[in-house]
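S.K.: Below is a structure I'd like to ask you about.
Read-outs throughout are calculated quantities, based only on the coordinates presented, and are distinct from any laboratory measurement. Everything quoted here is computed from the prediction, not taken from an experiment. Backbone-built Cβ (ideal geometry, glycine too); neighbour counts: all protein chains shown.
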Amino acid sequence: MSYLDPVSSGILLLWFTVLGACVGSFLNVVIYRMPLGKSLSHPPSHCPQCGHAIRWYDNVPVLGWLWLRGKCRDCHTPINIRYPFVEGVGGLVFGTITYLTLQQAGDSPLLEFCVFVLSLSGLVLTFFAAIFIKMDGQKIPIRLIVAMGVLGALAFLLFRLYFVPASTTLG
């Protein structure tokens, strides 16, 4: 089982799940803006209908959409359910990978554990973004493909170094 006590494991699981939902929120920006060649950082998130900036307290992943009942605070235009869906998937992916990795982590160093969870979760969500970009009829940007390669290589390397017992390696 886990190398951490149940409380610490639960805190790690909760933290990575919330982080995943936040990454999912950013993924919505990537899915929409990257294929169009737009900046990922400017302008800040805003309503596509009225242009008002989304307030920080309305930009809480999944919960913000629920609080607003799926509508813009200013113009009351419906907000596509895809946004909280992608945020929820981000939380689910990070949470699931964290849970499964905790079961196999043994006495692996915490830093390597965290980098592994981040890289593998990032790889899965980058694939997820690519799927949504293609569903929108857009071309997958080369930067996204490069990110998949880097994250995949990092996850594979850490998995081989810290989670595969030495007796099972070849050579």
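S.K.: Give me Rg over Rh for segment 11-82, both radii from the alpha carbons and Rh done the Kirkwood way, two decimal places.
M.R.: Reported Rg/Rh, Kirkwood definition of Rh: 0.99.
S.K.: Which whole-Hz couplings ³J(HN,Hα) result when phi for each residue of segment 138-151 is put into the Karplus expression 6.51 cos²θ - 1.76 cosθ + 1.60, θ = phi - 60°, listed in order with x for Gly and Pro?
M.R.: Going residue by residue, I get 9, 7, 6, x, 4, 4, 6, 5, 4, 4, 4, x, 5, 5 Hz, with x marking Gly and Pro.
S.K.: Can you run phi through the Karplus equation (6.51, -1.76, 1.60; θ = phi - 60°) for segment 71-88 and list ³J(HN,Hα) in whole Hz, with x for Gly and Pro?
M.R.: Computed from phi, the couplings for segment 71-88 are 9, 4, 4, 8, 10, 6, 5, x, 9, 4, 5, 4, 4, x, 4, 5, 4, x Hz.
S.K.: If you rank T96, T77, T126 by fewest surrounding Cβ atoms within 10 Å, what's the result?
M.R.: Fewest-to-most Cβ neighbours within 10 Å comes out as T77, T96, T126.
S.K.: What list of ³J(HN,Hα) couplings, whole Hz, do you get for segment 154-160 from phi and the Karplus terms 6.51, -1.76, 1.60, once you set θ to phi - 60° and write x for glycine and proline?
M.R.: 5, 4, 4, 4, 5, 4, 5
S.K.: Between exposed trypsin sites (Lys or Arg not before Pro) in the chain, where DSSP calls loop and at most 13 other Cβ atoms lie within 10 Å, what's the longest gap?
M.R.: Between the exposed loop sites, the longest stretch runs 70-138.
S.K.: Then there's this: Considering just Cα atoms, how many Å³ per residue does the convex hull of segment 52-104 enclose? Spell out each step's value before the answer.
M.R.: On the way: hull volume 4.0 nm³, N = 53.
Measuring per residue, one finds 75 Å³ for the Cα hull of segment 52-104.
S.K.: Also, quick follow-up: Would you grab the residues whose amide H sits under 5 Å from the one on V60? Only those 5+ places off in sequence or on another chain, please, with H modelled 1.01 Å from N.
M.R.: Amide H to amide H, under 5 Å and 5 or more residues apart or across chains, V60 pairs with nothing.
S.K.: Limiting things to C-alpha atoms, what are the Rg and the maximum Cα-Cα separation (Dmax) for the chain, in angstroms?
M.R.: 18.3, 65
S.K.: Sticking with this one: To the nearest 20 debye, what is the magnitude of the charge dipole of segment 29-165 about its Cα centre, counting +1 on the Cβ of each Lys and Arg and -1 on the Cβ of each Asp and Glu?
M.R.: 500
S.K.: I79's amide H: which non-local residues (gap 5+, or another chain) put their own amide H closer than 5 Å, with H modeled 1.01 Å from N in plane and none for Pro or chain starts?
M.R.: K71, C72
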